[in-house]
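Asker: The following block contains the structure, expressed as structure tokens.
The values are calculated or read from the model by the stated rules, or taken from the named source; none is laboratory data. Please read all numbers here as calculations on a predicted model, not as lab measurements. Cβ placement follows ideal geometry from the backbone for every residue including glycine, while neighbour counts extend to all protein chains displayed.
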Amino acid sequence: MMRQLVKEWDKYKYPYMFIAPAVLLLTMFSIIPIFIALVISFTDMDLVGLADFSNINSVGLSNYIELFKDPIFLKSIFNTSIYVVIGVPLVVIFSMAVALLLNYGTSRLFTAFRVVYYMPSITNIVAVAVVWGYLYNSRYGLFNYVLSWFGLPAQQWLQDPMLAKLSLIAMAVWKALGLNMIIFLAALQGIPRSYYEAAEIDGATGWKKLVHITVPLLSFATFFVTITTLIGWIQFFEEPLVMTKGGPLNATMSMALFIYNNGFKLSNFGYAASGSFILFIIIILVTIVQFVMKKKEVEY
């Protein structure tokens, strides 16, 4: 038995040696911290407990029970749901539309536009927030200035609870277009030209080619963009943190921002850890549902 294991190791040791560094890093900085956070979520750990572990007490499921009684946490779940339901479809639709428009141009102008659309994705969120903060300014912002051209009243973009959500979504969609556009562009350029030539021979119009050839052949790219975008929007954090701090009246408070506030501002590490695991479970469940739906679609 031992000899057989040695032979197997000699046969497959090189692949294991190559993946060992990645597995080690993943274990040290992802898997182990997840288990530590899970343990912390069942305690009342705070700054005092961090300084002296003897002050940490087990509270069982108390943190999880209190979370679902916390109106701010429930509000953050509602807000995150709105971000996901509105933001994810907009990102997928607009990034695909931009990719389709840029795919049919080969001039330097179209190449320049690709760079222009991609730049927001690599721009620091603080810089983006400062610029958009001026755009949203209720007194001298550009958006209200444009509204005045049409005789419309100025809007409280970041002060009105519902409008503040939509304003953050608009900024986040704009920032997310670039990376997803590149993914769709790569997928579009991988579609064989022969499909379109055959459709043209059959008399298919541009719209029919788009609906019956382009969009179906982009299904895997669409699935990838949807999954990654969905996970990102469930963890919606930077935009409300920088722009509104979760206000007004917790109207833009996301689950990730709620966890951050409790963990790093209020130092309720156990409470924050339990919130992070609820967020983790939601992400896992949503991802599994997406994969199951995609599998059924492929089978049919």
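Asker: Out of all the residues in the range 185-206, is one or more of a type outside the set (Ser, Thr, Tyr) and closer than 30 Å to residue 252 by Cβ?
Answerer: No, every residue in the range 185-206 fails to be of a type outside the set (Ser, Thr, Tyr) and closer than 30 Å to residue 252 by Cβ.
Conditions tested, residue by residue: (1) modelled with pLDDT of 90 or more; (2) polar (S, T, N, Q); (3) assigned to a helix (DSSP H, G or I).
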{"position": "209", "(1), (2), (3)": "no, no, yes"}
{"position": "240", "(1), (2), (3)": "yes, no, yes"}
{"position": "250", "(1), (2), (3)": "yes, yes, no"}
{"position": "279", "(1), (2), (3)": "yes, no, yes"}
{"position": "298", "(1), (2), (3)": "no, no, yes"}
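Asker: Can you name the helices (runs of 4 or more DSSP H) wholly within the range 22-103 that have at least 3 residues being over 30 Å from residue 250 (Cα atoms) and either at pLDDT below 95 or not aromatic (Phe, Trp, Tyr) (or both)?
Answerer: Once the helices (runs of 4 or more DSSP H) in the range 22-103 are filtered for at least 3 residues that are over 30 Å from residue 250 (Cα atoms) and either at pLDDT below 95 or not aromatic (Phe, Trp, Tyr) (or both), what remains is 71-103.
Asker: Also, I was wondering about something else. Out of the range 162-184, which residues are buried (at least 19 other Cβ atoms within 10 Å of the Cβ) and closer than 14 Å to residue 79 by Cα?
Answerer: 164, 165, 167, 168, 169
Asker: Tell me, yes or no, whether the range 192-203 has at least one residue that is buried (at least 18 other Cβ atoms within 10 Å of the Cβ) and among the charged types (D, E, K, R).
Answerer: The answer is no, given that none of the residues of the range 192-203 is buried (at least 18 other Cβ atoms within 10 Å of the Cβ) and among the charged types (D, E, K, R).
Asker: Can you run down the residue pairs with Cβ atoms below 6 Å, 6 or more apart or on separate chains, where the first is in the range 109-130 and part of a loop (DSSP other than H, G, I, E, B) and the partner is surrounded by fewer than 10 Cβ atoms within 10 Å (Cβ to Cβ)?
Answerer: From residues that are part of a loop (DSSP other than H, G, I, E, B), there are no pairs.
Asker: Looking at 172, 199, which is the one that is in contact (Cβ under 8 Å) with a residue 24 or more places away in the chain, part of a helix (DSSP H, G or I) and touching a helix residue (DSSP H, G or I) at 6+ places or on another chain (Cβ under 6 Å)?
Answerer: Checking each option against the conditions leaves just 172.
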